[in-house]
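None of the figures in this text is laboratory data; all of them are computed from the coordinates on show. Small disclaimer: the values here were computed from a predicted structure and weren't measured. Methodologically, a virtual Cβ is constructed for each residue, glycine included, from the backbone with ideal geometry; neighbour enumeration extends over all protein chains shown.
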Amino acid sequence: MEKTLGELAQIIDGRLAGEATIMIRGVAGIAAAAQGDITFAVDGHIEEAEKCGASAVIIPNTVDNFSLPAIFVDNPREVFIKLVKLFTPPLAIKRKISDKASIGNNVVIGKNVAIMPFAVVDDNAVVGDNVILYPHVYVGQYARIGKGSMLYSSVTVREFCEVGENVIIHSSAVVGSDGFGFVTKNGKHIKVPQVGNVVIEDDVEIGAHAAVDRAAMGSTYIRRGTKIDNLVHIGHSCDIGENTLIVAQTGISGSTKVGRNVTFGGQAGIVGHINIGADSIFAARSGVINDTPEGVFYAGFPARPHQEWLRITAASSHLPELLKKMKKMQRDSGNDN
C-alpha cells in the first residue's frame, strides 16, 4: 500500500501543509515512526511529534507553526484509525465450513460463514450470516451467534447464551460460565444451580481470557457498544450498560447494575448488588462498595470523589513526619511535668 500525502488528505478530508507528492507507505506511533510513515499527535505531544522521524503527521486544526509536513483535522485519533485500516487490510478468510469442524444436529448456519478446523457448534445452535469461528471455538447447545460476529480461537459460548451482531470475542474468553453461587451448610458449600444465560448485545468487544458468568435465573446483560478488556470478570446477573469501558483485571460482582457510558480503570473492584450511575469514571484500583450517582469521577478504596482521594493521599505522605512531631511534643510535655 502506497499513497501520496495529497491523496491521504483527500481521503480523510483534511487540510494539507507540505508537499502533496510525499509518498506514505505505512502508519506508526510517534516513537517508532520512520521515513515513509505517517503518525498523529494530539495536544501535549505536538513538540514530540515535530522531532519524530515520520514523513508526515496528522495534527489538530488548532495547532499553528508545525515544522513537518502535516494534515490538519478536527480529531486526529479518529482519523488515524481510518488510516490504520487503510494501510492494514483485513486478513483473507476462506468462507467455508471445515471438514474438521464438528457441527451438531439441528444447527442453523447462515450465509458466507467461516467455521475453521476443530471448532464445535453444538446441537440446536444458530450461527448468523458472515460469522467467523476460529479453531477450537465452542458454541453450546441452543446458543445464538449474531450476524458479522467474530470469535477467535478457544472462545467458549455456552448453552443458551446469545451473542449479538458485529461482536468480537478474543481468544479464550468464556461467555456463560456458571455464576459463583453456593449455600453453606454444616461447613460444606452446596452449589446453587445456574440456569440463566448471558445476552451480549450488538457491537460489543470482549478481550482475551475474560469471563462473563451466566445468571442464576434470567440473564446477565452486556449492553450494546460496551468494550471489555482482557482478564475481566463479570459476575452472574449483572447488567452492564451501553458503551461502557471496562479495563483489564476489573471484577464486577454479581447482580450489579451499571449505567451507560461508565468507565472502569484497571483492577477496579465492584461489590455485588449495587447500582452504578451512568456517565461515571472510576480510576484504576477503585473499590466501589456502595451505590454511586451519575456523572461522578471516583478513586481509591472505598471509592470517593477523585479530588477528595487526592487530598487524602497527599496528606497521608506527611503522616510519618506528623507522628514524629507528636512523639516529640509528648516527650517535651512529659519533661515539663
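Some observations on this one:
- Evaluated over segment 22-113, the count of Lys pairs having alpha-carbon atoms less than 26 Å apart is 9 (only pairs 8 or more residues apart or interchain).
- Evaluated with a Cβ-only charge set (Lys, Arg +1; Asp, Glu -1), the chain carries a dipole of roughly 1120 debye about its Cα centre, given to the nearest 20.
- For segment 290-332 versus segment 162-219, the gap between their alpha-carbon centres in whole angstrom: 37
- Under 14 Å from a label point set 7 Å out along the Cα-to-Cβ vector of Ser98, the amide N atoms of segment 151-193 belong to 151-155.
- Per-pair calculated FRET efficiency, R0 = 22 Å: Asp332 and Ile312 via Cβ, rounded to 0.05: 0.15
- Label corresponding to log10 I(q)/I(0) by the Debye sum over Cα atoms at q = 0.08 Å⁻¹ when calculated from the structure given, among (i) -0.56; (ii) -0.37; (iii) -0.51: (i)
- For segment 1-77, the set of trypsin sites (Lys or Arg not before Pro) satisfying both a DSSP loop assignment and a count of at most 11 other C-beta atoms within 10 Å is given as Lys51.
- Loop trypsin sites (Lys or Arg not before Pro), segment 199-240, which have at most 11 other Cβ atoms in a 10 Å radius of their Cβ (DSSP): none
- Based on Cα contacts under 8 Å between residues 6+ apart, the chain shows a relative contact order of 6 percent.
- Across segment 123-156, the residues whose backbone nitrogen lies under 18 Å from the label position 7 Å along the beta-carbon direction of Asn105 are 123-126, 140-143.
- Only helices enter this figure: runs of n ≥ 4 DSSP H residues, each worth -39500 (n - 2.57), summed and divided by the residues of the chain, yield -4500 deg cm²/dmol at 222 nm to the nearest 500.
- Segment 71-178, dipole about Cα centre (Lys/Arg Cβ +1, Asp/Glu Cβ -1), debye to the nearest 20: 460
- Antiparallel bridges, percent of DSSP beta bridges restricted to segment 1-71 (to nearest 5): 35
- Between the C-alpha center of segment 95-125 and that of segment 257-276 there is a gap of 36 Å.
- Antiparallel bridges, percent of DSSP beta bridges restricted to the chain (to nearest 5): 15
- For segment 1-154, average projected area of the Cα convex hull in nm²: 11.2
- Given their separation in residues at 0.36 nm each and the Cα-Cα distance between them, Ile11 and Thr184 gain 56.0 nm when the chain is fully extended.
- Label-to-label distance, Lys51 versus His273, with points set 7 angstrom from Cα along the beta-carbon direction: 5.6 nm.
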